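Every number here is computed from the coordinates shown, using simple stated rules; none is lab data. What you see is a predicted model, and the numbers here were worked out from it, not measured in a lab. Here the Cβ positions follow ideal geometry from the backbone for every residue, glycine too, while neighbour counts run over all protein chains shown.
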Amino acid sequence: MQELKGIIDMALAFKEGAKLPDLADKILTLFFVNPSLRTRLSFESGMKKLKGGVNVLSGGDTWDFEYEEGAIMDADKQEHIKEAARVISRYTDLFGIRKSELMTKGETHKVQPLWSDLKKDLAIHQFAKYATVPIINMESNMFHPCQAMADVMTLFEKFKSVQAKNYVLTWAPHPKALPLATPHSQLLTPAIFGMNVRLVHPEGFDLDPEVLEMAKSKAKAAGGSVKIFHDQKEAFKDADVVVAKSWASLQFFGDWGKEAEHRAQFKDWTVDEEKMAWTKNAYFMHCLPVRRNVVVSDEVLDGKRSLIIDEAENRMWVQMAIIKFLLNQHYAYTH
């Protein structure tokens, strides 16, 4: 936790006007297999504030990478990660990757994956294995750590100390089955900081059990807790902050027809003013983009307790601190 708190303290100092590091001789390379607005702009803007250079690649800009060890590459993959990661490392000082198989722009998911395969996060682990520069997870199948760090930074701005604050992470309706990476990180990171985390969702929308057990262990070590609810009113009682997010059902994962039927039963889980009134005048957060009046009502999003724009801005500041932290760590390790 101390390293993470140090990053947040650095980010807060940057935002409050502390002198920024000069990274004029450093290059950050960003690789987006999936679409991005906040992640791309926040990293690019942050690196430019630090006077560094930025390279941005999309999935269509490169060869299709093979990530499997020992693969016989006689199909559609043109370059193995063993070469790609090491070559990229010669051109850059840090490398960020966003690759989530579940994230699509269309209304129908093209993949019928097994969660047991996706959760291995093969792409980012293989990049980390073969690259010789620090790797930043800009969202994988399992985690979205930069988002969660920005969320916690935002809470430190409001509360000064987050210890034992009542933090509710609620599932919310959505037309599509969404990735689990963001809610996993939004569960785990507040637990690391000792918050009292309440995870509330309908039956069938459990998060990955390994992540849940990790969160419980981290929370206990930090003096907080993690509890599971299936009733929003019960979970929202005395909440200090409510974080809304939709995610796919692991129970029906890959069978998107059945998943959609199951998800459609819970349209009344939208976060609105009536539900926020159950809290202790809680702040509201959402990672964005958000489906207005589906996930959350206009009144809550536009209300005085909404932190969604601060939360989005803080992506930039906390990622600037992550960049500086990783460069310091890498320099110490290699010298």
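If each DSSP helix of 4+ residues adds -39,500 (n - 2.57) and the sum is divided by the residues in the chain, what number results at 222 nm, nearest 500 deg cm²/dmol?
Values: 13 runs with 138 residues, N = 335.
It comes out at -12500 deg cm²/dmol, rounded to the nearest 500.
Each residue in T62, T170 was given a count of other beta-carbon atoms within 10 angstrom of its own, and listing them fewest first yields T62, T170. Once the Cα-Cα distance is subtracted from the 0.36 nm per residue extended length, the K120 to D64 segment shows a gain of 18.3 nm.
Counting other C-beta atoms within 10 Å, which of T182, T92 has the fewest, and how do the rest follow?
Numbers: T182 24, T92 19.
Least to most surrounded, the residues fall as T92, T182.
Between G303, G46, G254, where does the largest GNM mean-square fluctuation fall for the chain, given springs only between Cα atoms within less than 10 Å? Evaluated over the chain, the most mobile residue of the options is G303. With neighbours defined as other Cβ atoms within 10 Å of a residue's Cβ, the residues H262, H184 order from fewest to most as H262, H184.
Projecting label points 7 angstrom from Cα along Cα→Cβ for E16 and Q163 puts them 1.8 nm apart. Within segment 115-179, the proportion of C-alpha pairs whose separation exceeds 13 Å stands at 75%. Shown here are the Rg and Dmax of the Cα trace of segment 36-174, at 17.8, 56 Å. Note on segment 1-53: percent of Cα-Cα distances in each 10 Å bin, starting at 0 and stopping at the bin with the largest distance, equals 22, 42, 34, 2. Given in Å, the Rg to one decimal and the Dmax to the nearest whole number for the Cα atoms of the chain are 19.9, 60.
Placing one equal scatterer on every Cα of segment 185-256 and applying the Debye formula, the log10 ratio I(q)/I(0) at q = 0.22 Å⁻¹ is -1.00. Based on the Cβ-Cβ distance of A277 and D302, what FRET efficiency does E = 1/(1 + (r/R0)^6) give at R0 = 22 Å, to the nearest 0.05? Using R0 = 22 Å, I get an efficiency of 0.85.
Semi-axis lengths, largest first, of the ellipsoid equivalent to segment 42-105 are 27, 16, 9 Å, with √(5λ) applied to each eigenvalue of the Cα gyration tensor.
Mind pulling up the Rg/Rh value for segment 145-311? Radius of gyration and Kirkwood radius, both on Cα.
On the way: Rg = 14.7 Å, Rh = 15.7 Å.
Looking at segment 145-311, the ratio lands at 0.94.
The value given for segment 165-207 is a Kirkwood hydrodynamic radius of 11.2 Å, derived from the mean inverse Cα-Cα separation.
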